[in-house]
Every structure is written in structure tokens, then in C-alpha cells.
Amino acid sequence: MVYYPEPIAKLIESFSKLPGIGQKSATRMAFHVIGMEDQDVNEFAANLLSAKRDLSFCSVCGNLTEADPCDICSDEGRDKSTILVVEESKDVLAMEKIREYRGLYHVLHGTISPMNGISPDEINVKSLITRLMDSSVQEVIIATNATSDGEATAMYLARMIKPAGIKVTRLARGLAVGSDIEYADEVTLSKAVENRMEI
Ligand SMILES: [Zn+2]
């Protein structure tokens with residue numbers, strides 16, 4: 001067991017809290033930071049703080065934003081009759097990259113997971129239902145990932161929404177089972193939207 005001076009031990013601990021970063025990578029990163037220029041380290045620290053301080057979740061759609069409502073919700077040019085439902089804010093970015101979808105979004109911040117005991121109350125579902133009650137939405141496109149939790153969430157949402165007379169569709173199966181929207185290439189993603197199917 002190697003004992004590092006406390007400041008670096010703490011830095012390693014911080015890095016190791018990031019997703020996919022084990023002890024070894026965290027140690028490498030920590031030593032890399034120590035070797036960085038002061039200016040770069042200051043900027044890095046400032047960026048971390050600013051990302052946390054200056055961003056919040058849009059009170060309408062749940063997307064990460066600096067302004068509330070977010071730029072997409074407050075864009076008069078967007079098609080307000082369609083809401084595309086995604087698991088995470090990064091999925092909104094993936095969809096925006098293909099530049100074809102012009103409707104609105106709703107970010108769930110997770111999925112319903114019977115296996116892990118995550119109920120609909122623990123994700124951003126209630127505000128979606130509220131949104132649908134007092135708006136002119138005609139279609140909800142469910143773009144949760146093609147995982148079992150993503151499917152369970154899609155089925156749950158369809159059951160909740162369809163009785164209101166709103167069309168519910170799901171992205172086409174161009175996306176491989178188990179795959180994440182954020183990693184889909186732009187052609188696949190735009191085909192998946194184009195060939196979406198009613199559920
Ligand atoms: Zn928004």
C-alpha cells in the first residue's frame with residue numbers, strides 16, 4: 001500500500017468518484033494535474049465550479065440549462081405539438097446534433113427500473129404528465145434507450161399517455177438492443193426518428 005501526501009490522496013479520491021475511473025486512472029490523473037501549469041489548474045477548478053453553480057434543470061423539460069426555461073423550451077420556432085422523451089440531458093445533445101428534430105424534449109433523468117426498485121415517482125415523469133394536460137401536444141416520441149429498463153419506461157409512459165388521446169411513438173429498431181442514444185451515429189439516429197412506430 002502506497003501512502004500519498006494528503007492533498008494528492010484527496011485528489012485521487014475525487015477523480016475515482018467519476019464514472020468509469022478506477023483507482024489506477026484516478027492516480028494517473030491526479031499526478032497529471034500536479035504537473036499542469038497553474039493557470040490550467042485554476043481554469044479546470046473554475047470550470048468545475050461553474051458547471052455546478054451556473055447550470056440547473058429547466059423547470060419545463062428538465063434539460064440542463066443556464067436559463068430557465070431553457071433555450072429549446074423558449075424557442076418560438078420549435079414545433080410545440082411534439083415532445084421527445086429521453087433519459088438524460090446528453091441525449092438531447094445527441095438529438096440536436098442531427099438537426100432534424102424540431103419539436104420539444106422532456107428529460108426523465110433516469111428510467112423506471114423494476115429490478116433496481118426505481119419507481120416512476122423517482123424520475124421526472126410527473127412534470128411530463130402535467131405538461132401534457134395543459135398543452136397542445138399531439139405526439140410523444142419515446143426515445144429511452146433500447147435496454148430492458150428503457151423498454152419498461154416506454155411501456156409505462158405509453159399506458160399513462162395514450163388514454164389522453166395523444167399519439168405515442170417509439171424510436172425505430174435501427175438502434176441495437178442495449179444501445180445508448182448518445183452513442184448512436186447521426187444517420188442511425190435520424191432513421192430511428194423517421195421510422196418511429198406507434199405503440
Ligand atoms: Zn426546457
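Relative contact order for the chain: 15 percent, from Cα pairs under 8 Å spaced at least 6 residues apart, divided by residue count. The sum of -39500 (n - 2.57) across all DSSP H runs of n ≥ 4, divided by the residue count of the chain, sets its helix-only mean residue ellipticity at 222 nm to -12000 deg cm²/dmol.
Seen against the Cα atoms of the chain and their longest principal axis, helix 6-15 is set at about 20 degrees. Annotation for K90 and S14: the two label points, set 7 Å from Cα along the Cα-Cβ direction, are 2.1 nm apart. Candidates I21, A46, P7 compared by Cα position along the dipole of region 6-54: farthest toward the positive end lies I21, with charges placed on Cβ. Here the extension length gained between A172 and I129 equals 13.1 nm, from 0.36 nm per residue of separation less the Cα-Cα distance. A Förster distance of 22 Å, applied to the separation of the beta-carbon atoms of R78 and E100, puts the FRET efficiency at 0.95. Of all lysines in the structure, the ones whose alpha carbon falls short of 21 Å from that of K17, not counting any fewer than 8 places away in one chain, are K52, K90. If R0 is 35 Å, the Cβ-Cβ spacing of S59 and I21 corresponds to a FRET efficiency of close to 0.65. The residues neighbouring D134, those whose beta-carbon lies less than 15 Å from its own, together hold a net charge of +3 under the Lys/Arg +1, Asp/Glu -1 convention. Once the Cα atoms are used to define both axes, helix 23-34 deviates from the longest principal axis of the chain by about 70 degrees.
Under a model in which nothing but the beta-carbon of Lys, Arg (+1) and Asp, Glu (-1) is charged, the chain shows a dipole of about 640 debye around its Cα centre.
Our summary gives region 6-54 a relative contact order of 27 percent, counting only alpha carbon pairs under 8 angstrom and 6 or more residues apart.
Every number in this text was worked out from the coordinates using simple rules, so none of it is lab data. Remember, it's a predicted structure, so these values are computed and weren't measured experimentally. Note: ideal-geometry Cβ built from the backbone for every residue, glycine included; neighbour counts use all protein chains shown.
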